[in-house]
Protein chains: 2
Amino acid sequence: MTEVLVRSYANGRARRQLILDEATTLFGEVGYRAASLREIAARVGISHPGLLHHFPAKQALLLAVLEHRDEVDAQRFGLDHLQGVELLRHMVDLVDFNATRPGIVELYCVLSAESTAPDHPAHAFFVSRYARSVAQCAAGFEGAQAAGLLRPGIDPDAAGRAFVALTDGLQVQWLLDRDSVDMATVLRATLAQLVVAGA
Amino acid sequence: MTEVLVRSYANGRARRQLILDEATTLFGEVGYRAASLREIAARVGISHPGLLHHFPAKQALLLAVLEHRDEVDAQRFGLDHLQGVELLRHMVDLVDFNATRPGIVELYCVLSAESTAPDHPAHAFFVSRYARSVAQCAAGFEGAQAAGLLRPGIDPDAAGRAFVALTDGLQVQWLLDRDSVDMATVLRATLAQLVVAGA
DNA sequence: CCTACCGATCGGTAGG
DNA sequence: CCTACCGATCGGTAGG
């Protein structure tokens, strides 16, 4: 009886994870507003009321998708434990890894643009996410500056903002024409212009 | 009779322009897929079949909006007649001007992301638009290099791609938090790192 | 340009 | 009391 209950919970978690995966894909493909719960549910192999049993509303599903993705990536790359130039290099590595999963890149690319509308359900999420990303990269450049690795005349805050912006812009170009764009290479070349050679 | 006919044509063109303006705004607010012809028509003050009299389908309206915008901006800033660093500086000026019209920035930001999907009606438009923009900026950096204004070790092609990417990424950040982001300042600071001082 | 519609599909919820 | 759904349908809206 305990066995049955445990398996039931496990099945529920597995199903929930499958829903998150398919929602991630479809939100990336067509955006939040144009994605339908029926299409996500169909890809999972359940009905859409079945989906709404796991996530009470479409908005809840969206926020769960975004938070789950950031959580997994933060753990995988341990960005919170890094500083200075090392942090920036790991972010380039993350971009390089993202080139193996276009669905994730699409998700953030499409949703960040869509969420610029103030009434979008993910607006607050992306406002705070960008504030955090920019501050993190700015701290990376400040650390580089403190270590004497930053070229003179560079403002760490502006460089942090530019680094995040450059990453985002490259993702759009890469999604539009994957064969012509190597995100990590352009990112590393630009980074090399900001930190002293050999750093 | 001629008078009436002329006025009729003029009214038709004015109406068509009004539709383009309102479509530009709404496409920017919610994207192409989530924008409805009924909403655009309502803002213009006509019915949605009335709108379809001027533009036979939703796709035709989208492409008319995109082409009209690029045409107007190309004429206003005369980007086609510029070369080298001058071209790049004028693009910064265009970004600065765009900070006075968030609707236009939203339009390109949201639609470029949405159009990364291969079956999106504006996909081909944005693929060729980016190829053109990147080539134009790369030519700008090549001109700077030929004039001895480019810092050594910089690849003009990568710099051109990065310049476009940086511009796009800054627009997302600006739309999310307009008070905290000055696009032109970050863009000029980055440009100053690539071309020699005082150029 | 209008009203009056179509096939379909939307997010969400009812009872079972 | 719990979970994991189903078939059917709610009020509204999509492009045409």
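No lab work stands behind these numbers, since they all come straight from the coordinates. Because the structure is predicted, anything quoted here is derived from the model rather than measured. All Cβ positions, even for glycine, are placed from backbone atoms using ideal geometry, and neighbour counts span all protein chains on display.
Overview of results
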quantity: Percentage of interatomic Cα-Cα distances in the protein assembly as shown larger than 30 Å; calculated: 45 percent
quantity: Chain A: angle of helix A:156-176 to the longest principal axis, Cα-based, in degrees nearest 10; calculated: 50 degrees
quantity: Nearest 10 degrees, 0 to 90: helix A:2-30 Cα axis against chain A principal axis; calculated: 60 degrees
quantity: Charged-residue dipole, Cβ positions (Lys, Arg, Asp, Glu), segment B:20-151 about Cα centre, Debye nearest 20; calculated: 140 debye
quantity: 7 Å along Cα→Cβ, label-point gaps from B:Arg101 to other copies, nm, shortest first; calculated: 3.9
quantity: Highest-fluctuation residue, B:Gly143, B:Gly103, B:Gly45 considered, GNM on chain B with Cα pairs under 10 Å; calculated: B:Gly45
quantity: Sorted by Cβ neighbour density within 10 Å, fewest at the top, the residues A:Thr190, A:Thr185, B:Thr24; calculated: A:Thr185, B:Thr24, A:Thr190
quantity: Gaussian network model of chain B, Cα within-10 Å springs - most flexible of B:Leu107, B:Leu63, B:Leu88; calculated: B:Leu63
quantity: Per-copy distances of the B:Gln83 label point, shortest first, in nm (7 angstrom along Cα→Cβ); calculated: 5.0
quantity: Cα-centred dipole magnitude for the protein assembly as shown, charges only on beta-carbon of K, R (+1) and D, E (-1), debye, nearest 20; calculated: 780 debye
quantity: Potential extension, B:Asp73-B:Asp93 segment - 0.36 nm per residue separation minus Cα distance; calculated: 6.0 nm
quantity: Per-bin percent of Cα-Cα distances, segment B:72-124 [5 Å]; calculated: 4, 17, 20, 18, 17, 17, 6, 0
quantity: Volume per residue that the Cα convex hull of chain B spans, once the total is divided by residue count, Å³; calculated: 141 Å³
